[in-house]
Amino acid sequence: MINYADLSLELITEFQLSQETKEQIAILLHVAFPEEDFHGRHYFKQLPHSRFLLKDHTQLVGQIGLDFRVMTLNKQPINVLGLIDFAIVPALHHQGLGTFLLKSLIEQVSVLSDNIDFLLLSTDKPDFYEKFGFRLTSQYVKWLVTEEHVNYGMKEEHVGHCLMYKPLANKEWVENSVLEMMGYWY
Ligand SMILES: CC(C)(COP(=O)(O)OP(=O)(O)OC[C@H]1O[C@@H](n2cnc3c(N)ncnc32)[C@H](O)[C@@H]1OP(=O)(O)O)[C@@H](O)C(=O)NCCC(=O)NCCS
């Protein structure tokens, strides 16, 4: 049973993470994404810019990595806050913690719509995110392929099944267009 009074949320820059927190993130990612090999790292492909962390006292129980980037959609620059490796420790799944963490993040960033046009994430569980106002999008996407710290050049592909966005500002999202990620795909 979760006692919400024991929980704390923290938005922290990546370069401020303590060794202990990095180790806890690495363990969380390892157990939450058993199909991926993180090689013991606290990130998969690249360091995110910041983290939204959920702790039970000093124990990490959930995290969302955050990447803040200019992308271009339909040739127009958009400020995109990407959500990466959203995870809750498996022993605590289905008790509302994921909902709590995601809702809390959305609450915190919703007031920053002067800086953030859209939230963006990639998922195979769109139903979960639709409840929070994310919508699936169909785009011709261009991104930099990276694997284990090596760049493999640009990839371009129509993507219609896993990218989801949530508008924060009044900017129009153009469907069935070209999305230049301006970097790696998180
Ligand atoms: C995705 C993830 C973060 C969700 O975390 P969670 O803490 O289980 O999330 P919640 O408990 O808030 O919601 C999960 C489900 O439990 C249900 N639920 C929420 N509160 C509940 C409660 N008190 N009792 C029972 N069920 C509850 C929700 O309705 C939801 O069901 P749904 O998926 O059918 O919509 C978690 O499953 C995870 O870490 N998965 C592995 C990593 C991963 O796949 N991340 C997503 C990458 S896109």
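The values are calculated or read from the model by the stated rules, or taken from the named source; none is laboratory data. Small disclaimer: the values here were computed from a predicted structure and weren't measured. Quick reminder, even Gly has a Cβ in these numbers, built from the backbone with ideal geometry, and neighbours come from all protein chains shown.
Residue-wise test of (1) of a type in the set (S, T, N, Q); (2) in a helix (DSSP H, G or I); (3) in contact with a helix residue (DSSP H, G or I) (Cβ under 6 Å, 6 or more places away or on another chain); (4) within 16 Å of the ligand (Cβ to nearest atom).
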| site | (1), (2), (3), (4) |
| --- | --- |
| Met1 | no, no, no, yes |
| Leu11 | no, no, no, no |
| Phe15 | no, yes, no, no |
| Glu20 | no, yes, no, no |
| Ile25 | no, yes, no, yes |
| His30 | no, yes, no, yes |
| Pro34 | no, no, no, yes |
| Asp37 | no, no, no, yes |
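Out of everything in region 113-129 that is loosely packed, with under 13 Cβ neighbours inside 10 Å and within 24 Å of Leu9 (Cβ to Cβ), what residue ends up being nearest to the ligand (Cβ to nearest atom)? Among those residues, the one meeting the criterion is Lys125.
Test His94 against the stated conditions and say whether it is within 12 Å of the ligand (Cβ to nearest atom), at positive phi, exposed (fewer than 14 other Cβ atoms within 10 Å of the Cβ) and not in a strand (DSSP E or B). It is true that His94 is within 12 Å of the ligand (Cβ to nearest atom), at positive phi, exposed (fewer than 14 other Cβ atoms within 10 Å of the Cβ) and not in a strand (DSSP E or B). Every test in (1) surrounded by 16 or more Cβ atoms within 10 Å (Cβ to Cβ); (2) within 16 Å of the ligand (Cβ to nearest atom); (3) among the aliphatic types (A, V, I, L, M) is passed by Val141 save one, and that test is (2). Taking the criterion of being touching a residue at least 24 places away in the same chain (Cβ under 8 Å) and either within 18 Å of Gly82 (Cβ to Cβ) or β-branched (Val, Ile, Thr) (or both), the residues of region 156-176 that qualify are His161, Cys162, Leu163, Met164, Tyr165, Lys166, Pro167, Leu168, Ala169, Lys171, Trp173, Val174. Regarding Tyr140, is this residue outside any loop (DSSP other than H, G, I, E, B), touching an Asp or Glu at 6+ places or on another chain (Cβ under 8 Å) and at pLDDT 95 or above? The answer is yes for Tyr140. In the set (1) aliphatic (A, V, I, L, M); (2) more than 9 Å from the ligand (Cβ to nearest atom); (3) part of a helix (DSSP H, G or I); (4) surrounded by 13 or more Cβ atoms within 10 Å (Cβ to Cβ), Leu101 fails one condition alone, (2).
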